[in-house]
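These notes are about the structure you will find just below.
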Amino acid sequence: MSAPTVTPTTEPDDSDAEFSSIKARTQGQLVFRRFIRHRGAMAGLIVFLGITLLAITSIGAGPFPGWWDKTFTTTGPVIDGGRPTLDVLPAFVDGDGFAIGENPFGQDTIGRDYFAQTMQGTQRSLQIALLVGLVSTVMGTLVGAVAGYFGGVTETVLMRLVDVIIAIPLLVLAAVVASGTNGTATALGLFLGVVVWTSLARLIRGEVLSVKEREFVEAARAMGASPARIIVRHILPNTISTIIVSATLTIALAILLETALSYLGFGVQRPDTSLGLLISDYQQAFATRPWLFWFPGLFIIGIALSINFIGDGLRDAFDPRQNKVRG
């Protein structure tokens, strides 16, 4: 009698298990995993969320009150020349924690609390930046998708319009547009959105040109799908990475653009305020009261850098060449 045949078994190694787990993940899970492992993006996200929560919860937003007991319009006696009462030295020397005081960011020339003004300015600057990002993303995506899909005369007309807008200096065009907004943050954000969409339109056009000839688009066209359905359901989902990254970087650009316009007098107007307007109002006091520049400037830098880091993380996360998640 012959001995029974024994089939040798192999133990799966750790690399095979890791490869199988990576293959089993969806594209969205891979993108999310890459993003949360991007240290710069995580740091930027924490800073951006921290600034946003501080600005909203401190002085409140709309009908919701905040925990800070002063408003950005309330005046009072100027104490100690309006110097900031915020002091971080006790936290390191005595171990007693931070000394906040009545006016942590100081006071302006008429006794208004500068912390409340900075928080109000941060809210308005973020509102404008988010509106600019939303409007410019919608317009750029729409124009780029239509031009890339239909081609011909449609593409020629739309792309020549893009070229004309790009030929005009951005700051000059933005100033002309902003001059008709009456200084309101909402109108300023909406109108500026129609200025900064051109770069996204070019990017989306190029993406659509490469996607529209693929097999799944040809199959949808052969089945009688309308151009609008093909663009929305089949083409744009394959350009989502470009759209998201461009929208993020546009928000950072809008923060700096709003600051420049407010500094030149074309942005938000009193009695409201923004970070750029705060710097503009007290530009003559830089030598005597430099804290009137420090705090709005630090918040502008913090917001712009954090959003740029988030955009870098999203770009790396959506990069299809990164087919392996590093541990």
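Quick notes on this structure:
- Taking segment 143-259 and the helices (runs of 4 or more DSSP H) fully enclosed by it, the elements with 1 or more residues that are within 23 Å of the chain's Cα centre (by Cα) are at 152-167, 170-178, 185-193, 198-211.
- Output for segment 219-237, where each listed residue is in contact (Cβ under 8 Å) with a residue 24 or more places away in the chain and surrounded by 16 or more Cβ atoms within 10 Å (Cβ to Cβ): I230, I231, I235, L236
- Where a residue in segment 269-292 is closer than 12 Å to E258 by Cβ and its partner, wherever it lies, is outside any helix (DSSP H, G or I) and aliphatic (A, V, I, L, M), with Cβ under 7 Å and at least six apart: S274/V268; L277/V268
- Within segment 262-279, the set of residues being at pLDDT 85 or above and in a helix (DSSP H, G or I) comprises L275, G276, L277, L278, I279.
For (1) surrounded by 15 or more Cβ atoms within 10 Å (Cβ to Cβ); (2) modelled with pLDDT under 85, each residue gets a yes or a no:
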residue: P4; (1), (2): no, yes
residue: P8; (1), (2): no, yes
residue: E11; (1), (2): no, yes
residue: R39; (1), (2): no, no
residue: M42; (1), (2): yes, no
residue: G62; (1), (2): no, yes
residue: W68; (1), (2): yes, no
residue: G76; (1), (2): no, yes
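- Among the residues making up segment 59-89, those that are aliphatic (A, V, I, L, M) and in a loop (DSSP other than H, G, I, E, B) are V78, I79, L86, V88.
- Residue count, segment 258-283 (criterion: surrounded by fewer than 24 Cβ atoms within 10 Å (Cβ to Cβ), farther than 16 Å from Y114 by Cβ and of a type in the set (A, V, I, L, M)): 2
The values are calculated or read from the model by the stated rules, or taken from the named source; none is laboratory data. The structure presented is a predicted model; accordingly, all values stated were derived computationally and were not measured. All Cβ positions, even for glycine, are placed from backbone atoms using ideal geometry, and neighbour counts span all protein chains on display.
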